[in-house]
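K.L.:
Got a structure for you, written out below as structure tokens; questions coming shortly.
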Amino acid sequence: MSNSYQIERLKNYFREQVRTNPQLKDVNPDRLTVTTLALNLQTRFYEGYFGTERVRKALREGADLRRRDREAYNRAVDGFAGHHGELRAMGLNTVRIAETLVSSDLAYAVGTLRDAELLDNRPAFQTSLYDLTNRRTRDDLKSIQTRSGIQLAERLLRVRSENTTNLQTSWIARGTNYSMMNLEQGGQLTWEAILNDQFDEYGDFIYELGQNAARTRAWLIVDAVRRSANFIRLPDGGLGPNMDNIEAASAYLGQQTVDGATYSRTLTDIYTPGYWRATANRAVGTATVVIVGGASGDVQRMNPNNPAANTNINVEEIMGELPVDAGDFPNQSNLDWIAADPNKKPVEFAVHSLFAAGPRILTRLPNIVELDNMGSFSEHVIETKVSDVAGAEVKDKTAILLVSGKNTV
């Protein structure tokens, strides 16, 4: 969709196919043209969310299977029917005809990508925040309570004396209520705009919507941490995640008391905005130096192990790029960083079952498509919107900590 000449060629190609192929006698060729343009836009969304290379790989795999074994290809596409809601909205029969005529394999690629998304939620927006999460799927929009587990009154089994009955204990269940949010964004395009879109700017717009969809899911995790995780301010917090501040966060996680019970968590990962990238990497990569000897012998320089050396540093764009509302989060800023034990999965991430395979792009075409008569900008040829329903909440405060990136006042 780079210029009007190519689009005119596409339009004329479909008109010629319909004119010469008796099997297509009842098909509107202009609708095939618009559908193909819409499929191109949807491809840009998938590139934005899943990653360009992943999408291209899936398309190549589909094309290869189609050439080798058409029946197996058709079975695979039919097997992905549950992931084709976005395509059905445009008329699945029209989509399949258009794909056949232009040798497109988007239906196959979409199925492959969304199948993979169910197993590993790793969109193109680079983030390690999902390592913190335990994922849930819901079929409604009712309030959700986190599965925060229970706490037994005693942490160990007790010794039972002979000739006595079993020793009973008690337990406390924990949970925090939260809600999923309906998240949307979209745009629209006319035939005149298509013809004048020399640089595929609308395609870039759709690509960025895909990036926004991935970015929003990452933001939900950060927002949950800001709202619900324990927040500490250190005397030298303005120095960021240096060795001393990492040790302070590690000590906090290593000894906590909740409802009379003591918990010890291991700090293994730091999630930091890009501002602190060098500071954090220097902290975990530098050997400490200790001077020993002197009064009782020669002075020696010893290099003991860096106590922060095994900490993983994860630089998160989303933490530094979005402003922090002082009214909602007093004393917090986009210089704050997260210390956590991701093995405990301290954050719960919920999605509606309709979006379990990722956010969706919805495309609407006009009921009547006659491109020669599209003379008014009020006649929108393609309307698109990206939709998602998701939410997040901290479910284990003992395993995650938000550390201020500013000095204590």
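K.L.:
Of the residues that sit in the range 4-49 and are of a type in the set (Val, Ile, Thr) and surrounded by 14 or more Cβ atoms within 10 Å (Cβ to Cβ), which one is farthest from Arg217 (Cα to Cα)?
P.N.:
Val18
K.L.:
Can Ile221 be described as part of a helix (DSSP H, G or I), touching a residue at least 40 places away in the same chain (Cβ under 8 Å) and over 24 Å from the mean Cα position of the chain (by Cα)?
P.N.:
no
K.L.:
Which of the following residues is of a type in the set (A, V, I, L, M), assigned to a helix (DSSP H, G or I) and assigned by TED's automatic domain parsing to the domain that holds Ala218: Val18, Val27?
P.N.:
Only one candidate passes the filter, namely Val18.
K.L.:
Out of everything in the range 307-365 that is under 23 Å from Met181 (Cβ atoms), surrounded by fewer than 18 Cβ atoms within 10 Å (Cβ to Cβ) and polar (S, T, N, Q), what residue ends up being nearest to the chain's Cα centre (by Cα)?
P.N.:
Ser353
K.L.:
Would you mind telling me which numbered condition in (1) under 17 Å from Leu239 (Cβ atoms); (2) at pLDDT 65 or above Thr257 fails?
P.N.:
(1)
K.L.:
If you take the residues of the range 380-409 that are basic (Lys, Arg) and outside any helix (DSSP H, G or I), which of them is farthest from Ala89 (Cα to Cα)?
P.N.:
Per the stated criteria, the residue is Lys406.
K.L.:
Only one of Gly186, Gly237 is surrounded by fewer than 17 Cβ atoms within 10 Å (Cβ to Cβ), of a type in the set (Gly, Ala, Ser) and touching a residue at least 24 places away in the same chain (Cβ under 8 Å); which?
P.N.:
Numbers: Gly237 fails: surrounded by fewer than 17 Cβ atoms within 10 Å (Cβ to Cβ).
None of the others qualify; the one that does is Gly186.
K.L.:
Under 8 Å between Cβ atoms, which residue pairs at least 6 apart in sequence (or on different chains) link something in the range 81-94 that is without any contact (Cβ under 8 Å) to a residue 24 or more places away in the chain with a partner that is assigned to a loop (DSSP other than H, G, I, E, B) and of a type outside the set (A, V, I, L, M, F, W, C)?
P.N.:
Leu92/His84
K.L.:
Considering only the range 63-106, how many residues are farther than 22 Å from Leu24 by Cβ and touching a Gly at 6+ places or on another chain (Cβ under 9 Å)?
P.N.:
Within the range 63-106, residues that are farther than 22 Å from Leu24 by Cβ and touching a Gly at 6+ places or on another chain (Cβ under 9 Å) number 6.
K.L.:
Among the residues that make up the range 124-131, is at least one of them of a type in the set (A, V, I, L, M, F, W, C), in a helix (DSSP H, G or I) and more than 31 Å from the chain's Cα centre (by Cα)?
P.N.:
Our first condition is that a residue be of a type in the set (A, V, I, L, M, F, W, C); within the range 124-131, this holds for 124-125, 129.
Next, only the ones that are in a helix (DSSP H, G or I) stay: 129.
Checking which are more than 31 Å from the chain's Cα centre (by Cα) leaves us with none.
No, there is no match, as no residue in the range 124-131 is of a type in the set (A, V, I, L, M, F, W, C), in a helix (DSSP H, G or I) and more than 31 Å from the chain's Cα centre (by Cα).
K.L.:
Tell me whether the range 103-115 contains one or more residues that are among the hydrophobic types (A, V, I, L, M, F, W, C), over 28 Å from Ala218 (Cα atoms) and touching a Leu at 6+ places or on another chain (Cβ under 9 Å).
P.N.:
no
K.L.:
In the range 292-311, is there at least one residue being touching a Phe, Trp or Tyr at 6+ places or on another chain (Cβ under 9 Å), among the aliphatic types (A, V, I, L, M), closer than 18 Å to Pro241 by Cβ and modelled with pLDDT of 70 or more?
P.N.:
No, every residue in the range 292-311 fails to be touching a Phe, Trp or Tyr at 6+ places or on another chain (Cβ under 9 Å), among the aliphatic types (A, V, I, L, M), closer than 18 Å to Pro241 by Cβ and modelled with pLDDT of 70 or more.
K.L.:
To continue, here is another question. Determine whether Leu189 is modelled with pLDDT of 75 or more, farther than 28 Å from Ala399 by Cβ, of a type in the set (A, V, I, L, M) and part of a strand (DSSP E or B).
P.N.:
For Leu189, the condition - modelled with pLDDT of 75 or more, farther than 28 Å from Ala399 by Cβ, of a type in the set (A, V, I, L, M) and part of a strand (DSSP E or B) - is met.
The values are calculated or read from the model by the stated rules, or taken from the named source; none is laboratory data. These numbers were taken from a predicted model, which means no experiment stands behind them. All Cβ positions, even for glycine, are placed from backbone atoms using ideal geometry, and neighbour counts span all protein chains on display.
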